[in-house]
1. For the stretch 103-112, take each phi angle, set θ = phi - 60°, evaluate the Karplus expression 6.51 cos²θ - 1.76 cosθ + 1.60, and give the result in whole Hz per residue in order, putting x for glycine and proline.
2. What does the extension gain come out to for R337 and D114, with contour length at 0.36 nm per residue minus their alpha carbon separation?
3. Can you spot the lysines whose alpha carbon is less than 25 Å from K341's alpha carbon? Ignore those fewer than 8 places along the same chain.
4. Note down the Stokes-Einstein diffusion coefficient of the stretch 390-478 in µm²/s, whole number, using a Kirkwood radius over alpha carbon pairs, 20 °C, and 1.002 mPa s.
5. Quick one: if you stick a label point 7 Å off each Cα along the C-beta vector at H173 and E426, how many nm between them?
6. Going by Cα centres, the stretch 134-204 and the stretch 371-414 are how many Å apart?
7. Sorted by accessible area (1.4 Å probe), largest first, how do K116, K213 line up?
8. List the pair-distance distribution P(r) of the stretch 148-202, using every Cα-Cα distance, as the percent of pairs falling in each 5 Å bin from 0 up to the bin containing the longest distance, rounded to whole percents.
Amino acid sequence: MRVGNDEKKAVGGGRLGARRALPPRHTVAALAGLVLTAGLLAGCSSSDGDGGGGGGGKRTGAPANGGAAEKGPAYKGPALPGLARQAAWSLPVEGPMSIPVVLDLGDTLLFAKDSKGAYVSDETPDVENGPAHSLYSSDTPEDLVLEFRDVKTGAVRKELQVKADSVTLTTWHEGKPAVAVTTSTTTGSDGLTKARTSTTATLYDSAGGLLGKAELPEREAEEDSSDSEPSTGRSFIAEGYLVETSGDTLRLTPVDGGTARTVPCEGFQSGCGFVPSTATVLADGGDNLFAPLVTDGYYPGFDDTGLSPRISLYDVADGKKVWDSAKVTPPEGAWVRDDGKTGELSVLRVSDGKVLTAWDVNPLGRTGVLATYDLAGGPEAVSAFEGGEDPEFSPRGDLAAVFTDEAASVVQVADGKALWSQGEGENALVPLWFSGTGSVLYGRTLETETVLAVDARTKKVLAKDLSDRLVPRFNASTGYGWVGAFNAGPGGEVNGFFVFPPAS
């Protein structure tokens, strides 16, 4: 069964569209939000539940903790840098359009089967796309079996029978991956009343346990705007919060109960919007004035009533302000006018008591200086470096691969020191992503458009001229990686979906 391509249903999938007024797709390491349109019921526990409502949640009889995966095809392709030579487990594929689509839930990979037992599948994804955010979408609800497989062994941990018109990757508290299953029913127009749609959404954790459920009242059927653009007048779920946008107000309500918070947004003509595809908040009219919805327990606030635009951070627990960009010193290289006015800035993340920011280097370009500040420290940056337009971070966040002036470099985020930079006579390497352990950097050369893999710390070439269909996607929590292909590699001998442990 081939996966659907309905952008309205695929609430988290796909690449970003127009780049203007959008956070870079790699810079903010957030997962997509779930598009909703109304209030949410009280959260449920993460233990096995009946899954009721739109999710169904019925077991199909597979053991909750099964043994190793059934024996699949052997991998006969080239070595993949960052991964072991032999696959830990595999699944067969029957043709170029039968590559299983999977959602990365951390310790599990999520597959879906249709009513005939065939995996929801597609062709090998484009190398620039990265991991999938949308597993399935359809105009009408269909019966599916969700299959939660242990990423290390391939064992089926749990199976759930659901009726769904979309299955999408989202996030729970602390950025934990979750899956959202939605079912919508549309009542057609009788000629006088407008067509209306009601939706039920059910969220599950990586083990298939029920997290929460949304019952949405009927709404008028309408053409939704793209989930890769700032949105107002709609509701979403991300980071375990119901995100309601209306006019210039953006409100966060915990799905599992607790105090709601409102994102401060002052001095902007249309307030602040939410970008579902990256789970970020973007100030109206700003190209680079954005921050994650919630990062390490903090939500943002925006202000443009003074000389320079500013971003503050607030503790979701008590709503108190803990950091303000107006009280820090812009890093060297950031754009600052003679009167002290600075350009736009963004908050990329908070981690280990430090705030990673990006500042404009000029009023027109998208390149920025990345600077780290102590959350509770002084005004000076503890590290800073030029971050290019769209830096790629290692899974642990300790390294950044940047592309500036037609050359790549890898920088230590903690101190801003470059481990290496490209020099004259080298093909410009545009970073794609790091391996799951952060030891290998994959990229595509700008001139020859070939895929390379290099040692992340030394720049040593580990593989060149890699097939686009054999560039692995990686699981950050385990270091495992996977490829799915048909008739690929030397002699066309790579046929299957293969999951590899990290290289020792």
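The values are calculated or read from the model by the stated rules, or taken from the named source; none is laboratory data. Everything numeric in this text was worked out from a predicted model, so none of it was measured. Backbone-built Cβ (ideal geometry, glycine too); neighbour counts: all protein chains shown. Note: areas computed on protein heavy atoms with side chains; ligands, DNA, RNA excluded. Shrake-Rupley method; radii C 1.70, N 1.55, O 1.52, S 1.80 Å.
1. Listing the rounded values in order: 10, 8, 9, x, 7, 9, 10, 9, 10, 9 Hz.
2. Details: separation 223, 0.36 × 223 = 80.28 nm, distance 5.91 nm.
That pair, R337 and D114, stretches by 74.4 nm at full extension.
3. Qualifying lysines at Cα under 25 Å: K321, K327, K354.
4. Numbers: Rh = 13.0 Å.
In µm²/s, the coefficient is 165.
5. So the label points at H173 and E426 sit 4.5 nm apart.
6. If we compute the Cα centre of each part, the gap is 36 Å.
7. Details: K116 185, K213 45 Å².
Largest to smallest exposure gives the sequence K116, K213.
8. P(r) for the stretch 148-202, in whole percents per bin: 4, 14, 15, 18, 17, 11, 7, 5, 4, 3, 1, 0.
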